[in-house]
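Everything below concerns the one structure shown next.
The values are calculated or read from the model by the stated rules, or taken from the named source; none is laboratory data. Just so you know, these numbers come straight off a predicted model, no measurement behind them. Cβ placement follows ideal geometry from the backbone for every residue including glycine, while neighbour counts extend to all protein chains displayed.
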């Protein structure tokens, strides 16, 4: 089998990457991360920049006192932003590839799986194509 891509395939792949790249700002703007405390009486939702988008406080959360409540909101906002950033890296990885996504995760201080296989991004190419076991149809 010839692994070389045709000029048409290369152009189509480039067009797909341009489309994904053009959609990045809108997709990233929509991302949200959320977190809640153990008692589930404080919930925060933030965007990838850490801006607070929603805060839900159960009446029981007010018993924590201002200082403790404020500390929990800050901590939960940080955890929620980490979740939003991780999702943002996934979105960026769709356009930029696994290697770039892994670099972004490391620079953002997000946890990475050291054993995860990093596959270079090649639009239109299935990196698992050589691993598929095709089951022939029953006759």
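The figures follow:
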item: Contacts under 6 angstrom Cβ, first residue in the range 101-112 being closer than 18 Å to residue 78 by Cα, partner outside any helix (DSSP H, G or I), 6 or more apart; result: 105/112
item: Residue in the range 107-129 that is outside any loop (DSSP other than H, G, I, E, B) and at pLDDT 80 or above present; result: yes
item: Criterion: under 24 Å from residue 111 (Cα atoms) and surrounded by fewer than 18 Cβ atoms within 10 Å (Cβ to Cβ) - qualifying residue of 28, 85; result: 28
item: Residues being within 19 Å of residue 91 (Cβ to Cβ) and touching a residue at least 24 places away in the same chain (Cβ under 8 Å) - total across the range 1-22; result: 5
item: Some residue of the range 52-73 being surrounded by fewer than 16 Cβ atoms within 10 Å (Cβ to Cβ), without any contact (Cβ under 8 Å) to a residue 24 or more places away in the chain and within 30 Å of residue 20 (Cβ to Cβ); result: yes
